[in-house]
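The values are calculated or read from the model by the stated rules, or taken from the named source; none is laboratory data. Since this is a predicted model, take the numbers as computed values, not measurements. Every residue, glycine among them, receives a Cβ derived from its backbone with ideal geometry; neighbour counts consider all protein chains shown.
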Amino acid sequence: MPTFDQLGLRPELVEGLARGGFHKATPIQAGVLPPAILGRDVLGKAQTGTGKTGAFLIPFFQRFAEFPATPEPFGIVLAPTRELVVQVQEQAEKLAPSKEFKSVVIYGGVGFGAQLDGLQKGCHLVVGTPGRVIDHLQRGSLKLGKIQYVVLDEADRMLDIGFRKDIERILTHCPNPHQTLLLSATVPETVLRLVNRYLTDPVHVSIESEKPTVDKISQSYVSVEESRKPELLLKIFADETPRQSIIFCERKRWAEDLYLVLRKKVAGVSMMHGDLPQGMRNQIMAAFRAGKVKHLVATDVVGRGIDVTGISHVINYDIPEDPESYVHRIGRTGRIGADGTAIAFVAPEQGQRLTNIESFINRLIDPRAVEGFEMTRPVAVEEAPKPPAPMTHRKRYSNRL
Ligand code: AMP
């Protein structure tokens with residue numbers, strides 16, 4: 001892969017990148033940067049973990065010196081979740097080529113105060129979730145009349161969440177011409193429609209053949225009855241002493257129950273799901289990133305896009321029904337340059353889920369030998385319809401622990 005110097009970046013930018021630990025481009029960066037630096041629109045097909053954030057931030061920074069001093073932003077990045085926008089902004093602050101650079105992050109679920117403050121002071125780049133960006137546009141606190149650079153990050157996911165209308169409204173506020181980069185893990189018809197309407201003669205960059213995270217991760221499963229899952233988890237913790245882990249549960253209440261059990265037995269455990277107040281979610285993520293929280297019991301709210309470098313283990317405590325969600329979850333480990341371990345707990349009636357995941361990732365997942373647990377593979381049969389969530393699940397933990 002080329003060095004950033006070889007890609008023709010400004011020297012102060014190459015220095016900023018080196019300070020942030022970026023010396024060579026990743027494949028998606030090597031593909032996106034040359035056309036983007038020339039001002040072309042780009043459709044980039046890439047998953048998290050490939051360096052896609054850098055792929056869209058670096059061309060913005062390359063143009064940074066051209067932007068005249070004005071309080072209104074030149075660039076806007078839209079991304080689907082609060083965690084992602086925070087992460088993008090952090091990476092922008094880390095890689096910025098100049099101390100002058102200012103960015104503001106905008107997301108819902110928190111008060112407007114800090115965001116209004118930031119916008120009033122002026123910034124070069126706004127990073128936000130579409131819903132809250134619309135709120136600011138309506139209040140008149142955000143002006144997009146100077147925008148020259150637009151990024152739609154995880155476009156497939158933004159459309160899944162139902163942000164299409166918001167995205168389109170935001171784009172109508174951006175003056176033409178402007179440069180647009182659209183990044184998406186998948187490019188279904190819905191994303192293509194967005195591309196056709198809002199990108200001009202885009203260069204397509206795909207790094208499909210690269211599976212940067214999944215192939216480096218050691219994957220295995222253990223067959224286990226629901227009621228023995230806590231016991232199995234503690235056994236694995238005792239055997240493996242994971243440095244840092246995420247333990248994925250299917251439902252918020254299940255995560256809560258497991259957390260209550262686990263925190264009595266293991267140090268440094270915390271929990272994260274979508275019902276927690278945003279402030280608390282931020283705190284927990286910050287503590288997790290800093291390594292103060294070692295083990296995070298979580299729902300899929302952290303399944304996608306969250307980048308914490310030290311995670312050694314991903315436990316699919318509830319094996320997901322959706323194979324894509326499995327890939328996103330295990331992608332939280334084995335980040336660039338590191339190896340990771342992913343272990344899925346498969347209940348006897350969940351064999352079909354395992355099979356679906358294997359055909360999706362196109363490889364077999366090995367059973368894992370854990371003392372006291374059978375190595376039989378659960379049979380792949382159609383699952384019975386899901387039971388209703390509340391109340392019944394408490395029985396899952398009986399009093400084994
Ligand atoms: P992303 O796919 O943007 O979430 O990036 C995944 C991780 O790779 C982040 O921790 C980045 O800081 C890191 N990263 C991205 N690009 C590079 C690079 N060129 N060299 C080293 N690390 C990188």
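If I ask for residues that are more than 16 Å from the ligand (Cβ to nearest atom), in a loop (DSSP other than H, G, I, E, B) and of a type outside the set (Asp, Glu), which ones from the stretch 89-118 would you list?
Ser98, Lys99, Phe101, Lys102, Tyr107, Gly108, Gly109, Val110, Gly111, Phe112
Name the one entry in Ser98, Ser103 that is touching a helix residue (DSSP H, G or I) at 6+ places or on another chain (Cβ under 8 Å) and without any contact (Cβ under 8 Å) to a residue 40 or more places away in the chain.
Ser103
Need pairs with beta-carbon distance below 6 Å; first residue under 24 Å from His328 (Cβ atoms) and polar (S, T, N, Q) and within the stretch 19-47, second within 7 Å of the ligand (Cβ to nearest atom) and part of a helix (DSSP H, G or I); sequence gap 6+ or separate chains.
Partner pairs satisfying both residue conditions: Gln29/Gly54.
Out of curiosity, is Ile58 buried (at least 18 other Cβ atoms within 10 Å of the Cβ), aliphatic (A, V, I, L, M) and either over 25 Å from Arg197 (Cα atoms) or not assigned by TED's automatic domain parsing to the domain that holds Gly340 (or both)?
Considered against the rule, which asks whether it is buried (at least 18 other Cβ atoms within 10 Å of the Cβ), aliphatic (A, V, I, L, M) and either over 25 Å from Arg197 (Cα atoms) or not assigned by TED's automatic domain parsing to the domain that holds Gly340 (or both), Ile58 comes out as yes.
Please specify each residue of the stretch 23-34 satisfying the condition of being within 7 Å of the ligand (Cβ to nearest atom) and within 13 Å of Thr50 (Cβ to Cβ).
Ala25, Thr26, Gln29
Looking at Thr190, is it among the polar types (S, T, N, Q), part of a helix (DSSP H, G or I) and in contact (Cβ under 8 Å) with a residue 24 or more places away in the chain?
yes
Can we say Phe61 is in contact with a Gly (Cβ under 8 Å, 6 or more places away or on another chain), over 27 Å from Ile161 (Cβ atoms) and of a type in the set (Phe, Trp, Tyr)?
yes
Check the stretch 78-88 and report whether any residue there is away from the ligand (no atom under 14 Å from the Cβ) and touching a strand residue (DSSP E or B) at 6+ places or on another chain (Cβ under 6 Å).
Yes - at least one qualifying residue is present in the stretch 78-88.
Yes or no, residue by residue, for (1) within 20 Å of Gly310 (Cα to Cα); (2) touching a residue at least 40 places away in the same chain (Cβ under 8 Å); (3) of a type in the set (Lys, Arg):
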site	(1), (2), (3)
Val224	no, yes, no
Ile236	yes, yes, no
Arg243	yes, yes, yes
Ile247	yes, yes, no
Lys252	no, yes, yes
Ala255	no, yes, no
Gly268	yes, no, no
Met271	yes, no, no
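Looking at (1) hydrophobic (A, V, I, L, M, F, W, C); (2) surrounded by fewer than 23 Cβ atoms within 10 Å (Cβ to Cβ); (3) closer than 26 Å to Ala114 by Cα, which is the only condition Val302 fails?
(2)
Output the number of the condition that Asp135 fails; it satisfies all remaining conditions of (1) within 16 Å of the ligand (Cβ to nearest atom); (2) within 24 Å of the chain's Cα centre (by Cα).
(1)
Condition first: more than 7 Å from the ligand (Cβ to nearest atom) and part of a loop (DSSP other than H, G, I, E, B). Now tell me which residues in the stretch 47-68 satisfy that.
Gln47, Phe67, Pro68, listed by residue number.
May I ask you to verify whether Leu43 is in contact with a Ser or Thr (Cβ under 8 Å, 6 or more places away or on another chain) and at pLDDT 90 or above?
Spelling it out, Leu43 is indeed in contact with a Ser or Thr (Cβ under 8 Å, 6 or more places away or on another chain) and at pLDDT 90 or above.
Given the criterion assigned by TED's automatic domain parsing to the domain that holds Glu72 and surrounded by fewer than 16 Cβ atoms within 10 Å (Cβ to Cβ), identify the matching residue among Arg157, Arg193.
Only one candidate passes the filter, namely Arg193.
Being at pLDDT 60 or above, surrounded by 16 or more Cβ atoms within 10 Å (Cβ to Cβ) and β-branched (Val, Ile, Thr), is that true of even one residue in the stretch 374-391?
Within the stretch 374-391, none of the residues are at pLDDT 60 or above, surrounded by 16 or more Cβ atoms within 10 Å (Cβ to Cβ) and β-branched (Val, Ile, Thr).
Give me a count of the residues in the stretch 230-280 that are under 22 Å from Tyr326 (Cα atoms) and part of a helix (DSSP H, G or I).
Counting residues in the stretch 230-280 that are under 22 Å from Tyr326 (Cα atoms) and part of a helix (DSSP H, G or I) gives 15.
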